[in-house]
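Notes follow once the structure below has been shown.
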Amino acid sequence: MTVGLVVVSHSRALADAAVGLAGEMVSGGGVALEVAAGLDDGGFGTDAVAIGEAIAAADRGDGVVVLMDLGSAVLSAELALELVDDDVRGRAVLCPAPLVEGLVVAAVSAAGGASTAEVAAEAAGALDAKTAHLGGAVAEPTPQESVSGPGETATFTVRMPHGLHARPAAQLVSAVRGLDADVRLRNVTLDGPEVSGASLSKVATLGALQGHEVAVRAHGDDAAEAVRRLLALAEDDFGESAGTGEVAPVPTGRPIPASPGIGLGAVRTTGTTAVEVPPARPGTPDEQRGRLDEARTDVRGRLQTVRDRAAREIGTAEAAIFDAQLLLLDDPDVLDDAGARVDAGADAARAWADALDEVEGRLAAAPDEYMRARARDVADVRDQVLRALGGVVPEDAAGEGILVADDLTPADAAVLDPARTPAVVLAGSSPTAHAAILLRARGVPAVVGVGAALAARAREAGVLAVDGTTGDVVVDPDPATLADFRARAQALADRRDDALRAAHEPAVTRDGTTVLVGANVGSAADAAAAVGADLAGLVRTEFCFLDRHDAPDVDEQEAAYRAIAEAMGGQRITLRTLDVGGDKPLDYLPMPPEANPFLGVRGLRLALARPQLLADQLQAVVRVAHDHPVDVMFPMVADVHELTAARQALDDAVAAVGRGRPDGLRVGIMVEIPATALKSAAFAPHVDFLSIGTNDLTQYALAAERGNDAVAAIGDALDPGVLALIAATSRGAGDDVLVAVCGELAGDERAAALLIGLGVRELSVAPAAVAGVKQAVRAVDLDAARELAAAALGSPDARAVRGLLG
Ligand code: PEP
Ligand code: MG
């Protein structure tokens, strides 16, 4: 039984956020959740027709529970019921529960297989926990007439710092739902009443905090299993880490090279340099306000620059960090507060610092972990403005030296000054995390995933020696080690000079095989920086679509792609069609929330679902292809039929442009899905090239989400399983279809021979890596490379493969 849910709200944003919150509780729960919120023009309001459609869409035959916000939402929902089919109406329940709390418990309950009546009842009781917490009267717990005798019993202690809050409570309820067991829980520490373990709203009333003991009592055929599951969950701290308040476990550590190069020098750590409130400057309230406005303008400009850069180079999700900071900078409440403090006699800096401290303090005390994490963002904005007021040149993540940190936000990575940052060492993170991608793009050597212990020692070090190529991190090196690292640095510098001198020459192996070395670019500026690139092997066209409220039209896209083609000076450009969706939503492409966005409507799937978007983009591509050598490449292809549909869309675009098929317009796909790699022979007849996206291919092959620290060490592109997929792609491609790699692995100079041995004949890399990779190709001997590839394919793990690379 899966009861569907419909959220009716005056505000689309509110509904989406509530659905997102509920989604946190039921990841993978498979609940049909529809939203009918806001008006078509983006304004507030509800629409009975839209609600009726949402009810019909959410109904899978098991009924629908409709949750509404206030006032006319209820009237519209009632009207909507008049509009749906009789049988759907018979199964739909309008539930008076509070929208947010009700939705969360309803989602958990529906995911657990409850009936419409049960889901609605659960939702209706959703305020109990809050009421109890705030000292109000809560309905008596359900009488336990069905439970007699001790049954299966056990106790567990809550170890999570934030207690059995909503997320772990949802896990608990989900674990026992569906079992033939009546599970009761009691907070022994508070000597509270027994409540049903099948009800999220009741579990929340336990008020179980860190250190509290909870008694479990279960009856029924599955009682023992229910208790076993609960104890296992408790033992695992309900999937949260007990000691730190962080969701992600503290990495145990295996240093992973993330950005090549040598760094030698003193250490600096993030967050160690507190920003002082500058000494008070006299002046009238108007003058103080003027200073504050000036400082905010200064910071706004800087934040906007960083945000634009992040949007271009990293992604909208990360750029949103800066949007939030920009909003805070102009927050009317904060400004009112600071203004009032100025009126009361404070100078600009003191008024700003105190106003922001207040916001930070409120967030820091929030029970919710996510909100507490935002306190750091507030402190960041406060400090930036204080620095501007004090005339202090803005620091990049705190000064000069090798940066040692637990992790680095893309924001920090985006503003690090490479000239003052010899290297970065991170306890967590992964080589494909956006921060690492940025560090590579900016030429800052980095080693990630070193673990908490090594990071702690590194923080204490006087001097660190870091090799971002091998992953070596040496704390306080002795003179011999220092000399060794200096020699490595010199050798690298020499190699870089040689490489740059030869950058414009083709990359030909010792035995005469030409390997194309391209650049991955996201803008015309990147293309201009791609010195020596034989082509742009991957143009991430997302840059055109991010940070805006509507899709770019054909003319605008044409101009952007043309600018890249021109910056590449006649070299071929590979325009990848829009690769967003799922994890990277766009404002103007509203998508239902997905429990597993990386497995959802991404890349070409999204494009095919939005034919006009694809048609416009392909027309722009075709127009440019009439004047420049252009490849078009489709991302995230799983099935030949998708490719056939995409090719048809391309043919339609050629017809629409009306100038015939451009000479030399070639078509390829990205190989990012393991099944696609294994089926490459099926794709080969339909393409000119296959370009392997090792970033995604690795995450899918090893079931290790890119960017998730906790599995970074697993998601290693050198894993023999991933290499086998590359080999399979080459085998299936045959002789006529070029096999490229455009994922991050292509930029690893040490992997060049291996990839060539596996049959790859084009490597597309970050612009700064082009010259070095070309040089690495020139050192390759094809026979030896094939032997290396065979040995790597027979290796047990990535570590062994790395050993083969020397
Ligand atoms: C990849 O997946 O390897 C790739 C190049 O695409 P992106 O990193 O843009 O997902
Ligand atoms: Mg990809």
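The values are calculated or read from the model by the stated rules, or taken from the named source; none is laboratory data. This is a predicted model, so every value here is computed, not measured. Cβ atoms come from the backbone with ideal geometry, glycine included; neighbour counts cover every protein chain shown.
Before moving on, here are some points about what is shown:
- Looking only at residues in region 616-646 that are within 19 Å of residue 561 (Cα to Cα), within 28 Å of the chain's Cα centre (by Cα) and not acidic (Asp, Glu), the one that is nearest to ligand 1 (Cβ to nearest atom) is 635.
- Residues of region 735-764 classified as more than 10 Å from ligand 1 (Cβ to nearest atom) and assigned to a helix (DSSP H, G or I), total: 10
- Only one of the numbered conditions (1) crowded, with 20+ Cβ neighbours inside 10 Å; (2) more than 30 Å from residue 492 (Cα to Cα) is not met by residue 747, and that is (2).
- Residue list for region 603-661, filter: on the phi > 0 side of the Ramachandran plot and hydrophobic (A, V, I, L, M, F, W, C): 636
- Restricting attention to region 769-799, the residues that are away from ligand 1 (no atom under 16 Å from the Cβ) and not in a loop (DSSP other than H, G, I, E, B) total 21.
- Residue 58 being more than 31 Å from the chain's Cα centre (by Cα), at pLDDT 85 or above and buried (at least 20 other Cβ atoms within 10 Å of the Cβ): no
- Flag for residue 413 being among the hydrophobic types (A, V, I, L, M, F, W, C) and within 21 Å of residue 475 (Cα to Cα): no
- In the condition set (1) in contact (Cβ under 8 Å) with a residue 60 or more places away in the chain; (2) surrounded by fewer than 21 Cβ atoms within 10 Å (Cβ to Cβ), residue 557 is compliant with all but (2).
- Scope region 541-551; condition part of a helix (DSSP H, G or I) and of a type in the set (D, E, K, R); matching residues: 542
- Looking across 771, 784, one residue alone is over 17 Å from residue 260 (Cα atoms) and touching a Gly at 6+ places or on another chain (Cβ under 9 Å). It is 784.
- Flag: residue 23 matches the condition of being assigned by TED's automatic domain parsing to the domain that holds residue 102 and touching a Pro at 6+ places or on another chain (Cβ under 8 Å).
Yes/no per residue for (1) at pLDDT 95 or above; (2) within 16 Å of ligand 2 (Cβ to nearest atom); (3) among the acidic types (Asp, Glu):
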residue	(1), (2), (3)
661	yes, no, no
675	yes, yes, no
681	yes, no, no
687	yes, no, no
697	yes, yes, no
707	no, yes, no
721	yes, no, no
733	yes, no, no
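- Some residue of region 701-720 being closer than 27 Å to residue 532 by Cα and within 16 Å of ligand 1 (Cβ to nearest atom): yes
Each row is one residue, and each column tells you yes or no for (1) out of contact with any Ser or Thr (no Cβ under 9 Å at 6 or more places or on another chain); (2) within 26 Å of residue 756 (Cβ to Cβ).
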| position | (1), (2) |
| --- | --- |
| 495 | yes, yes |
| 506 | no, yes |
| 529 | yes, yes |
| 533 | no, yes |
| 544 | yes, no |
| 555 | yes, no |
| 565 | yes, no |
| 572 | yes, yes |
| 575 | no, yes |
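- Lone qualifier among 512, 518 - being crowded, with 19+ Cβ neighbours inside 10 Å and either more than 30 Å from residue 604 (Cβ to Cβ) or within 16 Å of ligand 1 (Cβ to nearest atom) (or both): 518
- Out of 620, 565, 560, 646, sole residue that is within 27 Å of residue 507 (Cβ to Cβ) and either assigned by TED's automatic domain parsing to the domain that holds residue 770 or in contact with a helix residue (DSSP H, G or I) (Cβ under 7 Å, 6 or more places away or on another chain) (or both): 565
- The C-beta contact set for region 158-186 (first residue in the same structural domain as residue 236 (by TED's automatic domain parsing) and touching a residue at least 24 places away in the same chain (Cβ under 8 Å), second residue hydroxyl-bearing (Ser, Thr, Tyr) and part of a helix (DSSP H, G or I), distance under 8 angstrom, 6+ apart or interchain) comprises 173/109; 177/109.
- Hey, residue 530 closer than 25 Å to residue 738 by Cβ and within 16 Å of ligand 1 (Cβ to nearest atom) or not: yes
To keep it simple, each residue is scored yes or no on (1) within 29 Å of the chain's Cα centre (by Cα); (2) part of a loop (DSSP other than H, G, I, E, B); (3) closer than 24 Å to residue 13 by Cβ; (4) in contact (Cβ under 8 Å) with a residue 40 or more places away in the chain.
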| site | (1), (2), (3), (4) |
| --- | --- |
| 561 | yes, no, no, yes |
| 565 | no, no, no, yes |
| 570 | no, yes, no, yes |
| 573 | yes, no, no, yes |
| 587 | yes, yes, yes, no |
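- Of the set (1) surrounded by fewer than 17 Cβ atoms within 10 Å (Cβ to Cβ); (2) closer than 22 Å to residue 542 by Cα, all apply to residue 635 but (1).
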